Amino acid sequence: LFQRFWRGLKNNCDLTSHAKRDVTFTLDELHEFQLAMLGVSSKAARRNAAWAGFSFWGVRRGSEGVNALVKHVEACPSGLRVLVPSQKNKRRPQFCHIPSRPQDGVLCPVRLISEWRSIAIRDYDLGADDPLFCCTQGARAGLRCSTQDLRQAVSKFYRDSDVSLHSFRKGGTQFYTLVAMVSDDATQAQGGWADRRVMELIYKHARSHI
């Protein structure tokens, strides 16, 4: 019975069935991916670096990155405040916080997201109601992209088809609770879990990718 419960719970928490293993990205792995993206001269890569930081530091699902709009991001004294209009298990709006980390240099999540936002507004003439992490090429440039756009880049970089965007969400959860020693209450609020047991069973104790 417990095994059936565990499988069902895990499937419900995975973004898609592509995530076959309980994989978590560490902060170092996040930075490795972001540095690789910044080394590619394409706007899609810049977007992916910012989006990965949003998923890790905001502890957000891939779909919540897709649904983020330009107007949802605003500066606050400690970083960025991002509105999440709806979540998987909650329909009411919620805010998450993206911390400023000047010690990370060019990989500071506030810097990456803010720079991408400026690029997207300038190059794609985005308005307040347009998607923050938009498509960058062809007829769909400036329009809403899909989670597959980031997932493909992540899978290609790690040469692993089993990783998913939830690997960033899991990594952020572990960093806050096990490294930064943020309280479970604050981490639960940041990630938007209705049930703490889900956070503890699936995210807080997930295995590292290393």
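Go through segment 39-63 residue by residue and tally those that are in a helix (DSSP H, G or I) and modelled with pLDDT of 95 or more. Qualifying residue count, segment 39-63: 15. Considering segment 67-85, the residues that are surrounded by 14 or more Cβ atoms within 10 Å (Cβ to Cβ) and touching an Asp or Glu at 6+ places or on another chain (Cβ under 9 Å) include one that is farthest from Arg169 (Cα to Cα), namely Val70. Among residues of segment 10-38 being open to solvent by less than 30 Å² (accessible area, probe 1.4 Å) and at pLDDT below 50, the one that is farthest from Thr173 (Cα to Cα) is Ala19. Quickly run through segment 39-66 and pick out the residues that are surrounded by fewer than 24 Cβ atoms within 10 Å (Cβ to Cβ) and either basic (Lys, Arg) or at positive phi (or both). If the condition is that a residue be surrounded by fewer than 24 Cβ atoms within 10 Å (Cβ to Cβ) and either basic (Lys, Arg) or at positive phi (or both), then Lys43, Arg46, Arg61 are the ones that fit. State whether the residues of segment 74-94 include one that is in a helix (DSSP H, G or I) and among the acidic types (Asp, Glu). Within segment 74-94, none of the residues are in a helix (DSSP H, G or I) and among the acidic types (Asp, Glu). Quickly run through segment 160-184 and pick out the residues that are at positive phi and open to solvent by less than 40 Å² (accessible area, probe 1.4 Å). None - no residue of segment 160-184 is at positive phi and open to solvent by less than 40 Å² (accessible area, probe 1.4 Å), so the list stays empty. Looking for something out of contact with any Cys (no Cβ under 9 Å at 6 or more places or on another chain), of a type outside the set (Gly, Ala, Ser), open to solvent by 70 Å² or more (accessible area, probe 1.4 Å) and in contact (Cβ under 8 Å) with a residue 12 or more places away in the chain - is there at least one such residue anywhere in segment 95-109? Taking every residue of segment 95-109 in turn, at least one turns out to be out of contact with any Cys (no Cβ under 9 Å at 6 or more places or on another chain), of a type outside the set (Gly, Ala, Ser), open to solvent by 70 Å² or more (accessible area, probe 1.4 Å) and in contact (Cβ under 8 Å) with a residue 12 or more places away in the chain. Beta carbons closer than 6 Å, at least 6 apart along the sequence or on distinct chains, pair a first residue in segment 124-140 that is within 19 Å of Ala52 (Cα to Cα) and part of a loop (DSSP other than H, G, I, E, B) with a second that is open to solvent by 20 Å² or more (accessible area, probe 1.4 Å) and among the charged types (D, E, K, R) for Thr136/Lys43.
Whenever a residue of segment 146-161 is within 13 Å of Ser55 (Cβ to Cβ) and of a type in the set (D, E, K, R), its partners that are modelled with pLDDT under 90 and outside any helix (DSSP H, G or I), lying with C-beta atoms within less than 6 angstrom and at least six residues away or across chains, give the pairs Arg151/Leu165. For beta carbons closer than 7 Å, sequence separation of 6+ or different chains, a first residue in segment 42-66 that is in contact (Cβ under 8 Å) with a residue 40 or more places away in the chain and farther than 20 Å from Pro102 by Cα and a second that is open to solvent by 10 Å² or more (accessible area, probe 1.4 Å) and β-branched (Val, Ile, Thr), the qualifying pairs are Lys43/Ile119; Lys43/Thr136; Ala44/Thr136; Gly62/Thr147; Ser63/Thr147; Val66/Thr147.
The values are calculated or read from the model by the stated rules, or taken from the named source; none is laboratory data. Predicted model, so just to flag it, every value in this text is computed and none were measured. Note: ideal-geometry Cβ built from the backbone for every residue, glycine included; neighbour counts use all protein chains shown. For accessibility, only protein heavy atoms count, side chains too; no ligands or nucleic acids. Shrake-Rupley method; radii C 1.70, N 1.55, O 1.52, S 1.80 Å.
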